[in-house]
Amino acid sequence: MKSIGVKFILYFILISIGYAYLYPLLYMFTTSFMTVEDLVNPTVSWLPTRITFENFKKSWTVLEASKTLLNSVYLSVIPSVLQALVTALIAYGLSRFNFPLKRLWLFLILATFLIPTQVTIVTKYMLFSRLRLVGTPLVSFLPAVTGQGIRSSIFILLYYNFFNMLPKTFDEAAELDGANSFQIFRRIMLPLSLPAIVTTFIFSLVWYWNETLLTGMLLGNEIKTLPLALRDFVVRFALMFPAADGSAANRINEGIRMSATLMTILPLLIIYLILQRQFVESLERTGITGE
């Protein structure tokens with residue numbers, strides 16, 4: 001009886017947490033297919049009486065999704081790949097080599113995570129402005145290449161902990177075979193750190209995709225991503241679909257808002273569904289779960 005009670009409590013907690021996470025997605029999904037009549041009908045709560053794709057058509061037009069989707073993909077995927085590889089290289093150097101002020105460097109890396117982005121955004125803008133890079137994709141690519149991408153310090157510490165768990169006998173055996181430090185990293189450490197690479201790539205992709213503060217300021221109006229277009233969605237919708245004679249046909253409603261939001265997060269959901277198994281396994285093997 002005790003075990004049954006424990007299982008009941010455990011399943012109740014898991015179902016409650018699952019409901020808290022799934023409810024917004026389910027509400028967003030069903031509402032985005034509702035017509036105006038269903039939205040104002042109090043008897044319709046979850047299942048629409050008639051499915052419509054008009055909300056998605058208008059959202060696609062307002063978001064300029066054919067262009068902003070492509071911008072979001074290459075402004076997220078490329079920095080994520082670069083960040084996953086560069087932070088691994090930095091962490092390998094910190095893990096395997098002893099040099100002066102090593103602890104200070106580790107502290108400074110951690111400090112870059114503790115300092116809010118709003119504190120350094122002005123200096124970043126001034127730096128890129130002097131380099132004449134504002135409004136170009138390089139404002140996202142260069143920080144990732146130099147290990148200063150979005151939350152790079154977390155990934156450096158993750159790799160650092162992972163490399164410390166690997167025995168140094170791998171390095172010594174490779175050195176006896178004539179391999180240098182970079183060859184050891186490329187041929188031995190990178191394949192072994194695949195779980196950490198998957199974890200880093202997925203988290204980095206999500207953070208780069210959802211970033212609006214830095215990208216909005218550094219890219220300006222030159223390059224628009226889906227989250228940036230979603231931020232300005234209400235204003236652009238009012239300009240593109242003005243309401244005439246008080247008609248509600250062209251007025252923004254909850255269904256249109258939800259369809260635009262769903263279109264923005266749908267690529268991330270698809271990527272997670274594809275990499276779900278690898279992601280869970282990588283979390284377990286890198287020790288993020290605390291096991």
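The values are calculated or read from the model by the stated rules, or taken from the named source; none is laboratory data. Since we're looking at a predicted model, the values are computed, not measured. Cβ sites come from the backbone with ideal geometry, for glycine too, and all protein chains shown count toward neighbours. The protein model used for the area step is the full one, side chains on, heavy atoms only, and it has no ligands, DNA or RNA in it. Shrake-Rupley method; radii C 1.70, N 1.55, O 1.52, S 1.80 Å.
Residues that are touching a residue at least 40 places away in the same chain (Cβ under 8 Å) number at least 3 in the following helices (runs of 4 or more DSSP H) confined to the stretch 110-180: 117-130, 138-145, 152-165. Number of residues in the stretch 147-168 that are in contact with a Leu (Cβ under 9 Å, 6 or more places away or on another chain), crowded, with 19+ Cβ neighbours inside 10 Å and not polar (S, T, N, Q): the value is 8.
Within the stretch 11-36, residues that are in a helix (DSSP H, G or I) reach partners that are β-branched (Val, Ile, Thr) with beta carbons closer than 7 Å, at six or more positions or on different chains, in the pairs Met28/Thr261.
Among Phe182, Phe241, which is the only one that is over 30 Å from Lys124 (Cα atoms) and crowded, with 16+ Cβ neighbours inside 10 Å? Before the answer, list the steps.
Values: Phe182 fails: crowded, with 16+ Cβ neighbours inside 10 Å.
Residue meeting the stated conditions: Phe241.
Name the residues in the stretch 37-65 that are without any contact (Cβ under 8 Å) to a residue 24 or more places away in the chain and open to solvent by 90 Å² or more (accessible area, probe 1.4 Å), would you? If the condition is that a residue be without any contact (Cβ under 8 Å) to a residue 24 or more places away in the chain and open to solvent by 90 Å² or more (accessible area, probe 1.4 Å), then Glu37, Val40, Pro42, Thr43, Trp46, Leu47, Thr49, Arg50, Ile51, Phe53, Lys57 are the ones that fit. Could you list all residues from the stretch 66-93 that are of a type in the set (Gly, Ala, Ser), more than 30 Å from Trp105 (Cα to Cα) and touching a residue at least 60 places away in the same chain (Cβ under 8 Å)? Of everything in the stretch 66-93, just one residue is of a type in the set (Gly, Ala, Ser), more than 30 Å from Trp105 (Cα to Cα) and touching a residue at least 60 places away in the same chain (Cβ under 8 Å), namely Ser72. When you check Tyr74 against the structure, is it closer than 21 Å to Glu211 by Cα and in a helix (DSSP H, G or I), yes or no? Taking the combined requirement at face value, the residue satisfies it. For the stretch 72-95, the condition of being over 30 Å from Arg186 (Cβ atoms), open to solvent by less than 50 Å² (accessible area, probe 1.4 Å) and at pLDDT 85 or above holds for at least one residue.
Among Ile223, Ile202, which is the only one that is crowded, with 17+ Cβ neighbours inside 10 Å and either among the polar types (S, T, N, Q) or within 22 Å of Ala84 (Cβ to Cβ) (or both)? Give the steps one after another, and end with the answer.
On the way: Ile223 fails: either among the polar types (S, T, N, Q) or within 22 Å of Ala84 (Cβ to Cβ) (or both).
Checking each option against the conditions leaves just Ile202.
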